[in-house]
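Following: one structure in structure tokens, then a few remarks.
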Amino acid sequence: MNQPPSSTENTALPENGPVMNGRLLRHALPYALTGGLSFRNGHIPQGGHQIPEDFVGVGVTTNDDPATDEVVLEAIRVLKLKQVRLDFTYGDEDGAVARLLERLLNTEVKVLLSLVQPFREAQQMKQQAAQERWQDFINMIASRYGKRVAAVEIGATCNRRRWAGYDTQSFFNAWDIAWRCLSAQGIAIAGPNISDFEPLYNIAMLKEFRALGQLPDIHTNNLFSERVTEPERFDHRILGIQLATRLRFNLVKKARLLRKINDHFGVKKMVTPAAFWTLPRIERLLLNSEQKQADYLSRYFILLAASGAFDQVNWGPLICAREGLIDDGTGSYPALERITHYRSVSGQVTDFRVRPAFQAMQAFNRLIPGSVYLGPLQTADQLEIHVFQQDQHLIHAAWTVNGQAVALSDLYSEADLATAACFSRDGEALSQLPDLITEAPVYLRWTTTQPINIHHSPARVEHIYRHWPDKQYFVVNDANWRGMIVANSAEEAEQIRTQLHPDNLPAADEQSLLRKARNAIWKVTGIDGEQVVVKKPLKMHPHKRLLDRHKPSKAHRSWNAAGEMLRRNVPTAKPIAYFEKVGDESQLNNYFICERVDYDFTAREMLSAFAEGHTEFDGIRDKDAYQQLATFLLHLHGRGIWFRDLAGGNILVKKHADARLEFTLVDINRARFFNKGIAFKYCLSDLARICNKLHWPGRHQLLGMYFSQRFKPQKLTFRNLLPFYLYDFKVSFKRRFGRKAVRRIWRKLRGQQ
């Protein structure tokens with residue numbers, strides 16, 4: 001056997017982008033153009049199928065330390081996995097990976113052995129020498145492991161040329177050699193390991209394989225949802241945000257469409273070998289990335305189980321700093337993506353740490369595989385409830401989309417809830433049912449096969465920050481008022497309900513009043529003796545009353561915005577409660593109650609001082625203030641928040657001893673939230689408001705710092721500055737001719753008379 005080159009060559013990363021030549025495109029387009037990609041109501045899963053017992057798996061590997069093998073094998077045992085995936089490349093036959101493979105093959109766990117060519121070898125697969133080395137490698141695998149592994153996979157993200165190294169012809173050369181060697185010995189073949197949802201590749205490759213008489217036994221596709229953020233979301237990357245809700249390509253529809261393609265070409269099985277959410281991508285938008293990763297894992301597995309499309313679904317690396325169920329403790333990541341080659345475990349066993357996603361997988365694998373999926377009670381609209389039957393148990397897997405919550409009592413009858421057992425996302429048996437269904441799935445279980453139904457009237461959706469330490473949320477729902485309370489305990493919530501209930505709130509007076517315009521804002525004493533702040537609308541213009549009649553109340557919008565900002569690590573006054581009167585058509589009987597913010601001055605006061613020519617305010621130099629404010633605004637916009645009322649008076653500033661400024665946002669009910677950094681036009685809209693009190697030299701400094709630090713830097717061009725001129729004109733016009741100006745003129749005229 002020729003000695004193949006070392007797999008260390010696999011770290012090269014040349015040109016970007018997959019390659020689909022004319023031949024493959026001609027294969028794919030007729031299928032697509034004749035309606036093959038259409039799938040009416042494909043986003044809604046259909047019941048009646050059984051989830052395989054070996055549905056769940058994970059990618060595994062090891063390193064030179066045999067103790068790492070023990071960690072891997074113990075994790076498989078604890079998770080109760082029946083199948084795993086292992087990457088294998090040139091040179092591994094005499095190393096640690098082969099050692100782990102032998103140990104796996106001596107257990108009852110089935111192994112999908114994925115063969116990864118070194119990058120430069122894949123590039124050279126149009127040359128005879130490289131083809132011979134590949135054939136020798138395949139023959140070695142077949143003779144040593146072929147009869148003992150569940151299947152051998154060929155592909156390794158073949159549609160990602162910058163990772164795998166294949167162009168179209170080199171990949172088909174590799175496939176042809178592998179298929180001939182493996183099929184001759186009766187070894188199951190999996191492939192082509194297409195990454196993400198790119199169905200034209202699936203169509204083109206399966207059609208080519210069929211023409212060659214070389215279809216795989218198992219069709220493999222790494223079906224990711226990570227870049228869509230949440231597993232349930234309609235994918236905006238296919239044909240844009242505007243069409244996303246019309247095309248309805250959510251995870252379920254994508255999975256079912258891939259299965260439709262799979263069945264069209266006559267492949268027996270379909271597997272997604274690897275998918276995951278990386279912590280850095282989650283952290284671009286949210287706090288508590290490890291908890292969110294666990295939420296996404298559960299939701300991803302439940303939805304794919306409901307889809308009925310895949311025979312097996314695998315998470316990516318078991319042990320990895322960025323996306324592993326177990327943290328390797330290094331904080332590092334190799335040059336080559338582990339979705340292409342999970343080559344080795346980094347770090348030492350003593351530094352390994354189990355993440356919440358590990359328990360989430362364990363809970364799912366204990367409750368769902370082997371069950372029959374009966375169908376959805378609610379899906380694709382903020383709330384997901386999916387029903388499974390396991391032996392004599394009925395299981396409802398329920399959750400909301402990110403940041404939202406629904407009261408359990410709004411969904412189920414008291415009689416049904418009285419007989420339900422409840423398990424958390426991580427499999428913990430809860431001694432009492434939670435008040436809310438949140439973004440972390442829960443499993444409700446009944447010891448009967450009698451159907452349990454939910455109320456068909458729309459449930460009230462709340463926005464919460466689920467990971468607020470030591471805090472719980474409690475629903476207010478009495479005869480006249482509804483709302484929410486956040487507290488440390490049920491006892492504290494009852495104190496808040498009693499003391500700060502609208503029926504008992506002290507009215508605003510001259511001493512307690514902080515502001516009185518469209519809203520009244522005043523101080524009251526909270527349950528711990530500290531002052532808290534109450535906000536209540538006073539005026540609602542007729543046109544606003546008409547336009548806002550189907551919106552949540554102002555207090556509810558403030559509550560929702562506060563929860564979103566806390567989730568995204570943007571400081572605001574911490575919410576305590578909100579109350580809104582039932583059936584209130586005036587839209588004025590609602591109260592938002594929050595903690596009082598400790599601050600020294602507002603951004604308006606600071607910027608106005610600079611506009612008057614001062615170069616320092618309260619010991620802060622203007623350049624330092626601009627830099628810190630620009631950094632804060634970049635953080636705000638990068639977290640997907642368009643504030644829409646970013647006046648200087650709504651930014652409270654606390655000055656610390658080291659001249660560091662801490663910014664807190666108030667009057668937040670107009671904010672809008674996106675699942676990625678906001679569009680530049682929205683950034684300019686916010687910046688125009690904050691800059692209105694600032695002179696142009698100061699604006700140039702502040703905007704220059706903001707523009708230069710963006711992910712895509714901008715310049716102070718006339719086009720970018722135009723919104724500032726327009727907003728200045730709007731403000732000036734309103735001061736001269738707006739409602740307040742007209743009233744001033746009217747009062748003046750009446751006084752002269």
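Figure the gain on full extension for Leu243 and Phe733 (residue separation times 0.36 nm, minus the Cα-Cα span) and round it to one decimal in nm.
Numbers: separation 490, 0.36 × 490 = 176.40 nm, distance 3.80 nm.
Taking 0.36 nm per residue and subtracting the Cα distance, the gain is 172.6 nm.
Measuring only protein heavy atoms, the 1.4 Å probe finds Lys676 accessible over about 110 Å².
Sort Glu74, Glu428 by heavy-atom solvent-accessible area, probe 1.4 angstrom, most to least. Kindly include the intermediate steps, with their values, before the conclusion.
Values: Glu74 80, Glu428 115 Å².
The residues order as Glu428, Glu74, largest area first.
Length gain on complete extension for the stretch Asp624 to Arg103, per 0.36 nm per residue less the alpha carbon to alpha carbon distance?
Details: separation 521, 0.36 × 521 = 187.56 nm, distance 6.02 nm.
Contour length minus the Cα-Cα distance gives 181.5 nm.
Assigning unit charges at the beta carbon (Lys, Arg +1; Asp, Glu -1) and nothing else, what dipole magnitude in debye, to the nearest 20, does the chain show about its Cα centre? The partial results should precede the final answer.
On the way: 99 positive and 80 negative charges, 934 e Å.
It works out to roughly 4480 debye.
Bridging of Lys80 to aspartates and glutamates at a Cα separation below 13 Å is possible for Glu53, Asp54, Glu108, once same-chain residues fewer than 8 apart are set aside. Rounded to the nearest 500, the helix-only mean residue ellipticity at 222 nm of the chain stands at -11000 deg cm²/dmol, with each DSSP H run of n ≥ 4 adding -39,500 (n - 2.57). Projecting the Cα atoms of Ala429, His393, Ala405 onto the charge dipole of region 390-450, computed from C-beta unit charges around the Cα centre, puts His393 farthest toward the positive end.
Averaged per residue, the chain has 44 square angstrom of accessible surface, using a 1.4 angstrom probe with ligands and nucleic acids left out.
In this structure Glu662 has an accessible area near 70 Å², from a 1.4 Å probe over the protein heavy atoms. Annotation: lysines with alpha-carbon distance below 21 angstrom to Lys712 (same-chain offsets under eight excluded): Lys676, Lys681.
Applying a 10 Å radius around every beta-carbon, put 701-713, 360-372, 600-612, 316-328 in order of their mean neighbour count, most first.
Order by mean packing, descending: 316-328, 360-372, 600-612, 701-713.
The listed peptides 101-110, 249-258, 568-577, ordered by packing as a protection proxy, come out as 249-258, 568-577, 101-110 (highest mean of other Cβ atoms within 10 Å first). Computed with a 1.4 Å probe over protein heavy atoms only, the accessible area of Met140 comes to about 20 Å². For Val116, which sequence-distant residues (separation of 5 or more, or a different chain) have an amide H within less than 5 Å of its own amide H, given hydrogens modelled in the peptide plane? Sorted by chain and number, the residues that satisfy this are Phe88, Thr89. The label-point distance for Asp509 and Phe718, in a model that sets each label 7 Å from Cα toward Cβ, rounds to 6.0 nm. Pairs of Cα atoms nearer than 8 Å and 6+ residues apart set the relative contact order; for region 501-648 it is 18 percent.
Subtracting the Cα-Cα distance of Asn453 and Val597 from 0.36 nm times their residue separation leaves 47.4 nm of extension gain. When the solvent-accessible area of the chain is split by element, carbon and sulfur atoms take up 49 percent of it, the probe being 1.4 Å. Over the chain, what is the relative contact order in whole percent, taking alpha-carbon pairs under 8 Å and six or more residues apart? RCO, the chain: 9 percent. In this structure, the residue pairs whose Cα-Cα separation is over 28 Å, taken from Lys471/Lys623; Lys654/Lys730; Lys654/Lys693, are Lys471/Lys623; Lys654/Lys730.
At a Förster radius of 35 Å, what calculated FRET efficiency corresponds to the Cβ-Cβ distance of Arg366 and Ser38, to the nearest 0.05? About 0.40, to the nearest 0.05. Each peptide in 629-637, 176-184, 579-587 gets a packing score, the mean of other Cβ atoms within 10 Å over its residues, and the list from highest to lowest is 629-637, 176-184, 579-587.
Projecting label points 7 angstrom from Cα along Cα→Cβ for Ser143 and Gln46 puts them 4.8 nm apart.
Here region 619-663 was treated as a single set of alpha-carbon atoms; its pair distances binned every 5 Å from 0 give 5, 19, 28, 28, 13, 6, 1 percent.
In region 685-739, taking the dipole from charged Cβ atoms about the Cα centre, the farthest positive-side position among Asn692, Pro713, Leu703 is held by Asn692. Karplus-derived 3J(HN,Hα) values for region 93-107, using 6.51 cos²θ - 1.76 cosθ + 1.60 with θ = phi - 60°, are 5, 10, x, 5, 5, 5, 4, 5, 4, 4, 5, 5, 5, 8, 10 Hz; glycine and proline are entered as x.
For the residues Ile521, Ile238, Ile138, a 1.4 Å probe over the protein chains yields an accessible-area ranking, largest first, of Ile238, Ile521, Ile138. For the chain, the longest principal axis of the C-alpha atoms and the axis of helix 22-31 are separated by about 70°. Axis of helix 696-709 versus longest Cα principal axis of the chain: the two differ by about 20°, to the nearest ten degrees.
May I ask for the angle, rounded to the nearest 10°, between helix 356-367 and the longest principal axis of the chain, with both axes built from Cα atoms and the value confined to 0 to 90°? Taking Cα atoms only, the helix is inclined about 60 degrees.
The values are calculated or read from the model by the stated rules, or taken from the named source; none is laboratory data. Source: prediction; values computed, not measured. Cβ sites come from the backbone with ideal geometry, for glycine too, and all protein chains shown count toward neighbours. Only protein heavy atoms, including side chains, enter the accessible area calculation; ligands, DNA and RNA are left aside. Shrake-Rupley method; radii C 1.70, N 1.55, O 1.52, S 1.80 Å.
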